[in-house]
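Read the figures in this text as sums done on the coordinates, not as results from a lab. All figures in this text were calculated on a predicted structure; none of them were measured in a lab.
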Amino acid sequence: EDESVSSCPSANSSNAHEMLPAMSEKGPKVQFPIVLMTLLDEPSNSDVATFMPDGKSFAILKPDVFTKELMPRYFKMTKFTSFVRKLYRWGFRQAEERGKSGAVAYRHPLFRRGELSLCRKIRFQKKENKQPVLIPYGSVGITHPAVLPREEHRSVAPVCLQQKKALH
């Protein structure tokens, strides 16, 4: 869903956000990083969110204004934590340096000011399939049936019960 790409207006266009389809509208979807770059390149947003001087990271200077005004317009989201989670799912990480007034900065190796073609190479990181985990069952590490795939429940549950009875 987040992987589709479409053409994007010039990131330097002063009205780029008006020409850019919103992320949740039906029709062609624009990658999250491209929408983010468009937002950061918009001069009227620079007091709220901006690239750091090196152009390799960006900072959200006013999270409250960003959440209330820019997120709904650019991303159709209303929770800052959802935005940060989306950043991480696209491979962004918190940068070492901080923005003006201690604002948290984020970076991605392919996300650099003015390099839209590089930005297009950023890919959504799909969740990996989580494997069943061994958890302590009683005083010994026995796989509890609740953490096994459904098809293994029947065959393992009696063994777990027998092992538990043997311990007591």
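So between residue 46 and residue 69, what do we pick up on full extension, going 0.36 nm a residue minus the alpha carbon distance?
On the way: separation 23, 0.36 × 23 = 8.28 nm, distance 1.32 nm.
Contour length minus Cα-Cα distance gives 7.0 nm.
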Taking square-rooted eigenvalues a ≥ b ≥ c of the alpha carbon gyration tensor, is region 49-92 rounded, prolate or oblate, where a/c under 1.5 means rounded and, failing that, a/b exceeding b/c means prolate? oblate
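Can you tell me how much longer the chain between residue 127 and residue 93 gets when fully stretched, taken as 0.36 nm per residue apart minus their C-alpha distance, in nm with one decimal? Don't jump to the answer; show the numbers that get you there.
Values: separation 34, 0.36 × 34 = 12.24 nm, distance 1.64 nm.
Length gained, residue 127 through residue 93: 10.6 nm.
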Give me the number: length gained by fully extending residue 118 to residue 84, i.e. 0.36 nm times residue separation minus the C-alpha to C-alpha distance, one decimal in nm. 10.1 nm
